[in-house]
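Asks: Take a look at this one; I'll ask things after.
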């Protein structure tokens, strides 16, 4: 009987041993080294081990050598996090354990900082690249990050100044616009759009002042137009606005040269640039120069209706009146008014053009329509 019981006990012990070995084979462990920003062992850091496939949380602290070890973990997928002073500073995600093996997951605060600094500087570094960086290289990246952050801050202030200036410019609040654009120019003197709009605001302000106060303001505006053009010489609008400002100050040859440059840079709008010059010249009493500008507008754009009308008005003023009251118009007068009516039969100057034609000759056709005329029968 005892012999039988002994055999049963041995069999049970064997079974227990078998299950114990099987149970041991189903567990795994994590281990690793944790170093501080100086590369020294980090003592007392908390390593959190979170099982992802089945809920389970474990944790362990590093020893005096900055090492941690946690055994007896079920097989699965884990997230290993390093917590320092209550904050998670790094982690390794989706780490799969293996039968009876220890997974090595190390943490290095110097590498972590290098990756963070590089990311802030727009540089993507792998853990291996961060590990191989020298302190000097890390310092360079940190300096680059600092400069980038300063630039971003400056850009925000620049954008704010520009947007505020544009709002004031649209509202014709010239003083506020000048103050904002001046501030923007201090943030970044290489922004051509700042100087161009500052010049526009200064020209607007000058128009509200007495003649004896305008000269100094306009002089500053001209300087800022030049700055904008130096930074972006291929902008036709800048040459156009600068040319008009020059014309307002009586510098007609210089203004015409700028308008010609604008037309050269932007041929589709050349007619408008020369027409703008003509309008300035008319308003300043320079009718001959204005006539030449309007003719250039027509040469650039034969369908520029308003330019044809202005040419007609100029030529009408040159008509010869005989003692008997008969009017002899200058060549091209009736053609200019007719062309305007052909292009803009309902335009703002249509009635004036018709009246001028009737005064010159009652036989001239004055009825124009947008509909094509019927062909005459042979």
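Asks: Residue under question is residue 365, and the condition is that it be at pLDDT 90 or above, out of contact with any strand residue (DSSP E or B) (no Cβ under 7 Å at 6 or more places or on another chain) and outside any strand (DSSP E or B); does it hold?
Replies: Values: at pLDDT 90 or above: no; out of contact with any strand residue (DSSP E or B) (no Cβ under 7 Å at 6 or more places or on another chain): yes; outside any strand (DSSP E or B): yes.
Spelling it out, it is not the case that residue 365 is at pLDDT 90 or above, out of contact with any strand residue (DSSP E or B) (no Cβ under 7 Å at 6 or more places or on another chain) and outside any strand (DSSP E or B).
Asks: Turning to a different aspect of this structure: Looking at this structure, is residue 209 on the phi < 0 side of the Ramachandran plot, under 15 Å from the mean Cα position of the chain (by Cα), outside any helix (DSSP H, G or I) and at pLDDT 90 or above?
Replies: Working: on the phi < 0 side of the Ramachandran plot: yes; under 15 Å from the mean Cα position of the chain (by Cα): no; outside any helix (DSSP H, G or I): yes; at pLDDT 90 or above: yes.
For residue 209, the condition - on the phi < 0 side of the Ramachandran plot, under 15 Å from the mean Cα position of the chain (by Cα), outside any helix (DSSP H, G or I) and at pLDDT 90 or above - is not met.
Asks: Here's a follow-up. Of all residues in the range 65-82, which are in a strand (DSSP E or B) and either within 22 Å of residue 54 (Cα to Cα) or not assigned by TED's automatic domain parsing to the domain that holds residue 37 (or both)?
Replies: 69, 70, 71, 72, 73, 74, 77, 78, 79, 80, 81, 82
Asks: Might you let me know whether the range 262-279 holds any residue that is closer than 12 Å to residue 196 by Cβ, crowded, with 19+ Cβ neighbours inside 10 Å and free of Cβ contacts under 8 Å to residues at least 60 places away in the same chain?
Replies: Just the residues of the range 262-279 that are closer than 12 Å to residue 196 by Cβ, to begin with: none.
Looking for residues that are closer than 12 Å to residue 196 by Cβ, crowded, with 19+ Cβ neighbours inside 10 Å and free of Cβ contacts under 8 Å to residues at least 60 places away in the same chain, one finds none in the range 262-279, hence no.
Asks: Taking interchain pairs and intrachain pairs at least six residues apart, which have beta carbon atoms under 6 angstrom, with the first residue in the range 49-64 and assigned by TED's automatic domain parsing to the domain that holds residue 32 and the second exposed (fewer than 13 other Cβ atoms within 10 Å of the Cβ)?
Replies: 50/57; 61/44
Asks: While we're looking at this one, here's another question. Scan the range 32-55 residue by residue and report those that are loosely packed, with under 15 Cβ neighbours inside 10 Å and on the phi < 0 side of the Ramachandran plot.
Replies: 37, 38, 40, 43, 52, 53, 54, 55, listed by residue number.
Asks: Could you check, for the range 157-180, whether at least one of its residues is part of a helix (DSSP H, G or I), touching a residue at least 40 places away in the same chain (Cβ under 8 Å) and more than 20 Å from the chain's Cα centre (by Cα)?
Replies: No: the range 157-180 contains no residue that is part of a helix (DSSP H, G or I), touching a residue at least 40 places away in the same chain (Cβ under 8 Å) and more than 20 Å from the chain's Cα centre (by Cα).
Asks: Has the range 242-253 got at least one residue that is touching a strand residue (DSSP E or B) at 6+ places or on another chain (Cβ under 6 Å) and more than 23 Å from residue 193 (Cβ to Cβ)?
Replies: Looking through the range 242-253, none of the residues is touching a strand residue (DSSP E or B) at 6+ places or on another chain (Cβ under 6 Å) and more than 23 Å from residue 193 (Cβ to Cβ).
Asks: Still on this structure: Here is a list: 323, 331. Which entry is exposed (fewer than 15 other Cβ atoms within 10 Å of the Cβ), more than 51 Å from the chain's Cα centre (by Cα) and at pLDDT 90 or above?
Replies: Selected residue: 331, the only one of 323, 331 that is exposed (fewer than 15 other Cβ atoms within 10 Å of the Cβ), more than 51 Å from the chain's Cα centre (by Cα) and at pLDDT 90 or above.
Listed here are the residues, each with its yes/no results for (1) surrounded by 19 or more Cβ atoms within 10 Å (Cβ to Cβ); (2) in a loop (DSSP other than H, G, I, E, B).
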| position | (1), (2) |
| --- | --- |
| 297 | yes, no |
| 309 | yes, no |
| 337 | yes, no |
| 342 | no, no |
| 346 | no, yes |
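Asks: Moving on to the next point. Which residues, counting only those in the range 230-247, are touching a helix residue (DSSP H, G or I) at 6+ places or on another chain (Cβ under 6 Å) and under 20 Å from residue 307 (Cβ atoms)?
Replies: Within the range 230-247, 236, 239, 240, 243, 244, 247 meet the criteria.
Asks: Can you tell which of 196, 247 is touching a residue at least 40 places away in the same chain (Cβ under 8 Å) and either under 18 Å from residue 273 (Cβ atoms) or in a loop (DSSP other than H, G, I, E, B) (or both)?
Replies: When all the criteria are applied, what remains is 196.
The values are calculated or read from the model by the stated rules, or taken from the named source; none is laboratory data. These numbers come from a predicted model, not from an experiment. Positions of Cβ are generated from backbone atoms using ideal geometry, with glycine treated the same way; all protein chains shown enter the neighbour counts.
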